[in-house]
Each structure stands twice: as structure tokens, then as C-alpha cells.
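K.L.:
Please read through the structure below; I'll follow up with questions.
The values are calculated or read from the model by the stated rules, or taken from the named source; none is laboratory data. This one's a predicted model, so the numbers in the text were calculated from it and none came from an experiment. In this analysis, Cβ positions are derived from the backbone assuming ideal geometry, glycine residues included, and neighbour counts consider all displayed protein chains.
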Amino acid sequence: MQLVEWLQRLMTSFGAAWVMWILIALSVISVAIMLERAWFYLSLRDDLADLALRLRTSLRKGDFDQARSALESSPSAEAAVVLAGLAEADRGHQAADEAMQGARALQRMRLERRLAFLGTLGNNAPFIGLLGTVIGVVGAFEGLAVESSSAGQQSAGTPEVVMSAIAEALVATAVGLAVAIPAVVAFNIFQRHSRSILANTEALSRVLMAYLVGNNAEMPKPAKD
């Protein structure tokens, strides 16, 4: 019982305020990540249908410099992957495919960067808030114990202490949910964008592979300056 009493005194002496400060700090970090990821995904936007059309047209004309220029002018992750394949296409379609798979893995890492934090926060913030709730409830029961031990003479301020501890417990739960819900929503949205970009990458890669395989072609080596 000494250990339980020591832990009880430890929790009630600090209260649940420190838990809420941790949640607020995590919330600030998560908002910063959301803004950074939103800006990152917006910076990758491009007209992929037009890019695919220009790439297909350039390849069919055999104008490889124009195809390379079209890809280099695009800010999209899809263009970066196909450009990696184009750089190795002079060694055959298998080399181009391997190069694009490696570039796709690198782009996946860029797209999913920091998303693990949002997912982890969304899953665990309610439990952190629950810890604050438990601490508040323990404080409330301690206040009730003080009241019952007063031998029929109610201690001054005891009801206020109990109600304050209960309110603190409820606030901790609310803060935990308020931090978790936006993190989960943002995580799901960014994950969906990442999957969509990777699917578009596969589709655009097929344009180059269709040309190389269909014509059994090898791209000429780029001219050295």
C-alpha cells in the first residue's frame, strides 16, 4: 500500500495540468507538420494528363530531348520518377524500369515523411488525455476522502476541490480528443494523396515503358557538353 499511496501523492501533487501542456505542445508540432505537408503536396501539382500527352508525342516522334525537357519542367513527383527511367533508357527497358522503381521508392519516402508522427499522435493522444483524466479522478477521490475523514465536520473548501478535480479530468479528455481528431484527419488525407501520386507515377512510367518495349528501343546516350 505504501507504493500506491506514494503514487497517489505524486499524481495529486502535480495534477493533470502537465499532461495538457504536453498535449498542447504536441498539437503545435502536428499543426506545423500539417502545414508543411500541405505546402509540399501543393508544390507537386501539375497537369499530368497534358504531361503524359507531351511525353507520348515526343517519344513517338523520336524527339528524346523534348521528352526530357517536358519532364524536367514539371515539379511533380511523377515526372521525377520517369526522368530517372529516361536517364537509363539507353541501357534498355529493363534498366529503365529498375531506375524508375528506385526513384519511386525515394519519392514514397518523401511523400510519407513525418506522416508517422501524425498517425502516432492520432492514435495515442486520447490515451494521454485519459492519463490526465485518471489523475483528475484520483484527485477528486482524495478530496472526498478528506471530506469523509472530517468526522462529520465538513472541511472548508472540500466540495470546490472535488469539483475542480473532476473538471480538470474532463478537460484533459477533451484536449486529448481535440489533438487526436485533426491529426487523424490530416493523416488520412495525406496518405490518400500519397497513394494517388504513386498510382499516377505508375501510369506515367508505363508511357515510357510502352515505347521502349513496343519498339524494342534503346534511347540514345545524352550528348556530353
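K.L.:
Would you please list the contacts, defined by Cβ atoms under 8 Å and residues six or more apart or on different chains, that run from a residue in region 188-200 that is within 12 Å of Met34 (Cβ to Cβ) to a residue that is in a helix (DSSP H, G or I) and not hydrophobic (A, V, I, L, M, F, W, C)?
P.N.:
Note: pairs meeting the criteria are Phe190/Arg37; Phe190/Tyr41.
K.L.:
Considering only region 160-206, state which residues are over 25 Å from Thr120 (Cα atoms), touching a helix residue (DSSP H, G or I) at 6+ places or on another chain (Cβ under 7 Å) and at pLDDT below 90.
P.N.:
Val161, Val162, Ala165, Ile166, listed by residue number.
K.L.:
Just one of Arg91, Arg114 is at pLDDT below 90 and either basic (Lys, Arg) or touching a Pro at 6+ places or on another chain (Cβ under 6 Å) (or both); which is it?
P.N.:
Arg91
K.L.:
Check region 44-58 and report whether any residue there is modelled with pLDDT of 90 or more, within 30 Å of Thr120 (Cβ to Cβ) and either in a helix (DSSP H, G or I) or polar (S, T, N, Q) (or both).
P.N.:
No; the residues of region 44-58 include none that is modelled with pLDDT of 90 or more, within 30 Å of Thr120 (Cβ to Cβ) and either in a helix (DSSP H, G or I) or polar (S, T, N, Q) (or both).
K.L.:
Okay, moving on. Report every pair of residues separated by at least 6 positions or lying on different chains whose Cβ atoms are under 7 Å apart, first residue within region 53-78 and within 19 Å of Ala96 (Cα to Cα), second among the aromatic types (Phe, Trp, Tyr) and part of a helix (DSSP H, G or I).
P.N.:
Leu59/Tyr211
K.L.:
So, one more: Of everything in region 163-217 that's among the polar types (S, T, N, Q) and over 28 Å from the mean Cα position of the chain (by Cα), which residue is surrounded by the most Cβ atoms within 10 Å (Cβ to Cβ)?
P.N.:
Ser164
K.L.:
Can you tell me which residue among Glu142, Glu218 is modelled with pLDDT under 90, assigned to a helix (DSSP H, G or I) and of a type in the set (D, E, K, R)?
P.N.:
Glu142
K.L.:
Only one residue in Val82, Val137 is closer than 30 Å to Ile22 by Cα and out of contact with any strand residue (DSSP E or B) (no Cβ under 8 Å at 6 or more places or on another chain), so which one is that?
P.N.:
Unique residue meeting the criteria: Val137.
K.L.:
Further, regarding this structure: Condition first: outside any helix (DSSP H, G or I) and more than 16 Å from Ala210 (Cα to Cα). Can you find one or more residues in region 76-96 that meet it?
P.N.:
yes
K.L.:
Among (1) touching a residue at least 12 places away in the same chain (Cβ under 8 Å); (2) within 30 Å of Ala183 (Cα to Cα); (3) surrounded by 13 or more Cβ atoms within 10 Å (Cβ to Cβ), where does Arg45 come up short?
P.N.:
Unmet condition: (3).
K.L.:
Any chance region 32-41 includes a residue that's closer than 30 Å to Gly136 by Cα and at pLDDT 90 or above?
P.N.:
yes
K.L.:
Another question, if that's okay. Taking only pairs six or more apart or across chains, which ones have beta-carbon atoms under 7 Å, a first residue in region 99-127 that is under 22 Å from Ala25 (Cα atoms) and in contact (Cβ under 8 Å) with a residue 40 or more places away in the chain, and a second residue that is among the β-branched types (Val, Ile, Thr) and surrounded by 15 or more Cβ atoms within 10 Å (Cβ to Cβ)?
P.N.:
Arg114/Ile33; Phe117/Ile33; Leu118/Ile33; Leu121/Val179; Gly122/Val184; Ala125/Val179
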